[in-house]
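Below is one structure, written out as structure tokens; the observations come after it.
We did not get these values from a lab; they are worked out from the coordinates using the rules stated. Quantities reported herein were computed from a predicted structural model and do not represent experimental measurements. In this analysis, Cβ positions are derived from the backbone assuming ideal geometry, glycine residues included, and neighbour counts consider all displayed protein chains.
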Amino acid sequence: MKNRLLTLDADYKHNVAVIMLGEFEYLLLTAAVQLGEEAYGAAIRKQIEDATHRPCSIGAMYTTLDRLETKGLLETWMGDATPQRGGRAKRMVRVTAKGTRAAVAFYEAVTRVTHGVSWAVKRVAVRP
């Protein structure tokens, strides 16, 4: 299988078939797509927190946004300042075609690896 997301040097000797998105990167891209034209830092953070029921660090989110932008998986730009934000501008986010392909590849890999797995919790009898 040809990996479009990674170019390896001829000297690369590790047994890694695919290097793909991390879980948080996937969550961030997915949240941005779900929000569409309303995708900006605070809204993405809320979307992730609502979906995971866990806090989302602002620092981790912006560090990940920067990393995904460097990889060409999303684009950011400063939107207009709004009175609701005290005159501050929003950092708007749009997922690129490359980002969409990476997210789809991640989702498909997770789906394949979990096919047929049951995560039902089995109750074990406890003896007194």
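Rounded to the nearest whole angstrom, the semi-axes of the ellipsoid equivalent to the stretch 60-128, taken from the Cα gyration tensor as √(5λ), stand at 40, 21, 10, largest first. The convex hull around the C-alpha trace of the stretch 23-105, projected and averaged over every direction, spans 5.3 square nanometres.
Bridgeable aspartates and glutamates around Lys90 (alpha carbons under 14 Å apart, same-chain partners fewer than 8 residues away excluded): Glu37, Glu38, Glu75, Asp80. Packing, as the average of other Cβ atoms within 10 Å across residues, places the peptides 104-115, 69-80, 20-31 in the order 20-31, 69-80, 104-115, highest first. Per residue, the average separation of C-alpha pairs within less than 8 Å and at least 6 apart gives the stretch 23-105 a relative contact order of 33 percent.
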